[in-house]
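Structure first, commentary second.
Please treat every number below as a calculation from the coordinates, not as lab data. Just so we're clear, the structure is a prediction, and the values are computed from it rather than from any experiment. Here the Cβ is made from the backbone with ideal geometry for all residues, glycine too, and neighbour counts use every protein chain on show.
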Amino acid sequence: MSKMLYMSAMAQAVQEEMEADKNIVYMGEDIGKFGGTFFKNGLFPIYGKERVIEMPIAENLIVAAALGMATAGMRPICELMYADFISLAFDPICNEAPKIRFQSAGKASAPMTLISFQGTIDGSGSVHSQCVEAWIANVPGLKLVVPSIASDAKGLLKTAIRDNDPVVYLTHKSVMYINGDVPDGEYTIPFGKARVAREGRDVTIVAWQRCYMVAMEAAQELEEEFGISVEVIDPRTLIPLDKATILESVKKTGRFLVVHDAPKKYGVGGEIASMVAEEAYHDLKSAPLRLGAPSIPIPFFKLEEQVIVSKQQIKEAVKKLVNE
């Protein structure tokens, strides 16, 4: 086991995969000599401009070029600096790449990985701070990865790169600089296998990335202050979703809360909560609850703290579930 930053675990995954497969290229904005913005990849000195391709600030071009490479037999990784700007590349991401296998009756595929960085960290305002998983989750044919800890950042990224279909790998900027234990040697983590980060008996919380970190702190305080035992599940991937682990937990606790930084309205949490209501109805002791951001643009600087989910909100929601 080695201790390293989340972003260092990502860099290690990419380096190992590029070393093993000469068909892998890395492309994006400021990823060459500058080495990346949020994710310091360390790739350019090793692989040079032929495999670490500096692209213009044109998100549609970056993803479309990666798609062309993927259908021609390469295995590109493309990076978009801010997940907010995935919207500028909706056509290749949502309308082209995920349909290649279906439209070709399985004769062709698009083995490409899109890495992007979402969420709040530095008061960057409304166009650099959104969480956009709901944009992606509704598109058939895409896989959606949301790692929360360093070991998962590496293991899930390696799985994404090796996948023969398009994968969107979203990380939250606030977890990039957190240290964690990462196994030594070769390993991957399968998609659709959630991690029970904390066992409990009274309430099940599903949360990822920044909200996972906050939920873990809230769970500890709820046990210490009120004797409420909270089970925390990190889904790791939203598409595919590990329904079995979530339902097994709800069967034990009878209470469910899902927490994410994206807007609550029409968010992924609503889909997960509805799945629990439909498939664990007779196990529930109270109605499932959701926490998410309000339906407003994320404000600038310290005002962003007023719209993201807080530890206190999680604690109040859990107490409400237990007291119903």
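Over the stretch 1-141, calculate the relative contact order: mean separation of alpha carbon pairs under 8 Å at least 6 apart, over the residue count, as a percent.
21
Assign one of three labels to the stretch 2-182, namely rounded, prolate or oblate, based on the Cα gyration tensor with a ≥ b ≥ c the square roots of its eigenvalues; rounded applies when a/c is under 1.5, prolate when it is not and a/b is larger than b/c, and oblate otherwise.
Note, shape of the stretch 2-182 comes out rounded.
If contacts are Cα pairs under 8 angstrom and at least 6 residues apart, what is the relative contact order of the chain in percent?
Taking the mean separation of contacting Cα pairs over the length of the chain, I get 16 percent.
Longer than 27 Å from Cα to Cα, which of Lys193/Lys251; Lys252/Lys320; Lys173/Lys315; Lys154/Lys302; Lys243/Lys320 are they? Say none if no pair is.
Where the Cα-Cα span goes over 27 Å, the pairs concerned are Lys154/Lys302.
Rounded, prolate or oblate, given the Cα gyration tensor of the stretch 259-324, with a/c below 1.5 counting as rounded?
Oblate.
Describe numerically, in nm with one decimal, the distance between label points set 7 Å from Cα along Cα→Cβ at Thr188 and at Leu61.
3.3
At most 16 other Cβ atoms within 10 Å and a DSSP loop assignment: could you name the trypsin sites (Lys or Arg not before Pro) in the stretch 166-205 that fit?
Filter output for the stretch 166-205: Lys193, Arg201.
Aspartates and glutamates within cross-link reach of Lys158: Cα-Cα under 16 Å, excluding same-chain residues under 8 positions apart?
Lys158 reaches Glu16, Glu17, Glu19, Asp21, Glu79, Asp184, Glu186.
What shape does the stretch 180-324 have by the C-alpha gyration tensor, where a ≥ b ≥ c are the square roots of the eigenvalues, rounded means a/c under 1.5, and otherwise prolate means a/b greater than b/c and oblate the rest?
Rounded is the answer for the stretch 180-324, as its axis ratio a/c remains below 1.5.
Using a Förster distance of 30 angstrom, determine the FRET efficiency expected from the C-beta separation of Ile46 and Phe226, and round it to 0.05.
Using R0 = 30 Å, I get an efficiency of 0.05.
Enumerate the calculated ³J(HN,Hα) couplings along the stretch 240-256 in order (Karplus 6.51 cos²θ - 1.76 cosθ + 1.60, θ = phi - 60°), each rounded to whole Hz, writing x wherever the residue is Gly or Pro.
x, 9, 7, 5, 4, 5, 5, 5, 4, 5, 5, 4, 7, 8, x, 9, 9
At 222 nm, what helix-only mean residue ellipticity would the chain give, in deg cm²/dmol to the nearest 500, using -39500 (n - 2.57) for each DSSP H run of four or more?
Taking each H run of at least 4 residues, the total per residue is -10500 deg cm²/dmol.
So, in nm, how far is label Glu16 from label Glu54 when the simple model puts each one 7 Å beyond its Cα toward the Cβ?
Here the modelled spin labels are 3.0 nm apart.
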